[in-house]
Amino acid sequence: MVPVQHIHPMLVHFPIVLIFLLAGFDLVATFLGYSVTGRTATGNVSAGLAVLAALAAIATYYFGGLALDFAEAGGFSSDVAEIHESLGGMVAIAFTVWALIRAFLWFRDIRIARPMAFVFPLVAIAGVGLVVVTASYGGQLVFNLGVNVAKAASGG
């Protein structure tokens, strides 16, 4: 069985990839004049990516909390971890709200036309920025502080 503290690092790449993919897809589709809202082919893909990104972010945040609890039970304490956890919560909340908006637009078949359509890739790109900052703190936890990996790396 996989130790609970290792589930977060296994899941974390899913929301990262899905959020980057959503931003890229929305940007390219919008520039090409396709609607990323409503029940269009591109709207289906975009709304689906937004919902999957939110679900992945929620699961990753949940298991990140468990991983932090495990590390703290072993004596680990760091402001970097607290910042990373707070940013992870913001990612999960922001993309859940964004997914709900996208799902509503899809369900009601509301198609947003240009120039307002550019709001969708811009919001996703802002989300990418939030994810990059969050990931930077996560990288510091693993590569600089060795949280939940130091014992495994040393064979202990």
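What follows draws every value from the coordinates through simple rules; no lab data is involved. Because the structure is a prediction, the values reported are computed rather than measured. Because the Cβ atoms are built from the backbone with ideal geometry, glycine has one as well, and the counts that use them run over all protein chains shown.
Most exposed first by the Cβ proxy, i.e. fewest other Cβ within 10 Å, how do Ser78, Ser46, Ser136, Ser35 rank?
Arranged by neighbour count, lowest to highest, Ser78, Ser46, Ser136, Ser35 become Ser136, Ser78, Ser35, Ser46.
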For the chain, the dipole about the Cα centre with charges only on Cβ (Lys and Arg +1, Asp and Glu -1), to the nearest 20 debye, works out at 640
Looking at Ala94, Gly129, Ala50, which one has the Cα that reaches farthest to the positive end of the dipole of the stretch 41-137 (charges on Cβ: Lys, Arg +1; Asp, Glu -1)? Ala50
Sort Val128, Val51, Val36, Val91 by Cβ crowding within 10 Å, fewest neighbours at the top. Val128, Val51, Val91, Val36
Give me Ile110, Ile7 ranked fewest to most by other Cβ atoms within 10 Å of their Cβ, as a rough exposure proxy. Ile110, Ile7
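Let a ≥ b ≥ c be the square roots of the eigenvalues of the Cα gyration tensor of the chain; is it rounded (a/c under 1.5), or, if not, prolate (a/b larger than b/c) or oblate? Present the calculation step by step, with values, prior to reporting the outcome.
On the way: a/c = 2.94, a/b = 2.59, b/c = 1.13.
Prolate.
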